Ligand SMILES: C[S@@+](CC[C@H](N)C(=O)[O-])C[C@H]1O[C@@H](n2cnc3c(N)ncnc32)[C@H](O)[C@@H]1O
């Protein structure tokens with residue numbers, strides 16, 4: 001397994017991606033992005049998009065939500081702000097440059113936290129999940145969508161081979177689901193409630209965690 005990516009690799013990679021990101025990653029990741037946003041819309045209310053990037057998901061929300069986006073990359077956020085300035089997305093409240101490992105939001109600020117194609121490439125995925133868990137309200141959800149490691153067979157071999165070669169592009173194709181599951185098992189009030197492969201081809205997986213409400217004292 002390749003080690004987790006480091007911050008400078010991510011920042012350099014996404015500064016390069018920013019001008020071409022929508023053209024290349026818009027259509028390829030559309031179904032995954034839509035599926036995650038549909039789960040968030042079903043909850044409604046305050047949504048935090050971690051690693052919002054250029055704001056490609058803004059189209060997938062509506063007035064049932066109030067979206068805040070954060071991202072490390074200033075060039076990616078510049079594109080997101082241009083989309084906000086178009087006036088087409090009144091449900092997007094703000095986008096902020098912020099590291100998902102250390103968010104400045106108060107505990108229990110959001111009804112739902114969404115991270116689309118992000119968790120596999122952050123420096124410390126477990127710490128980011130714990131931050132997402134902290135800022136989501138009791139009863140709220142963390143919704144992830146990603147390509148996850150195939151573990152066996154030809155697909156897994158291809159992912160291992162490409163992992164070394166795509167690292168400087170800020171991509172990581174061999175991240176195992178077991179790591180997400182282990183985080184939930186070791187985290188108080190975090191429950192894995194869904195793991196669903198998405199059509200077509202099951203290339204992307206949607207993973208949902210719920211923060212269980214704290215029981216009332218007797
Ligand atoms: C593959 S892009 C996905 C962007 C968007 N979610 C989408 O679906 O198009 C990954 C994004 O995560 C951001 N990112 C990586 N590490 C981060 C961190 N620690 N905190 C916030 N954003 C981060 C990158 O800057 C990049 O914009």
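At a 10 Å Cβ-Cβ cut-off, how would you order 142, 43, fewest neighbours first?
43, 142
Please compute the modelled spin-label separation between residue 193 and residue 38, points set 7 Å along Cα→Cβ, answer in nm with one decimal.
In this crude label model, residue 38 to residue 193 measures out at 1.7 nm.
Can you give the Kirkwood hydrodynamic radius of region 68-171 from its Cα pairs, in Å with one decimal?
One decimal place: 15.7 Å for the Kirkwood radius.
How would you rank 177, 209, 117, going from fewest to most other Cβ atoms within 10 Å of each one's own Cβ?
By the 10 Å Cβ count, ascending: 177, 117, 209.
When DSSP assigns beta bridges and you keep just the ones with both residues in the chain, what percent turn out antiparallel, to the nearest 5?
So the antiparallel bridges in the chain amount to around 40 percent.
What fraction of the Cα pairs in the chain, stated in percent, has a spacing above 33 angstrom?
Above the 33 Å cut-off, the chain has 10 percent of its Cα pairs.
Here, each number is a calculation from the coordinates, and none is a lab measurement. Predicted, not measured: the structure shown is a model, and the values here were computed from it. When we count neighbours, we look across all protein chains shown, and the Cβ atoms used for this are built from the backbone with ideal geometry, even at glycine.
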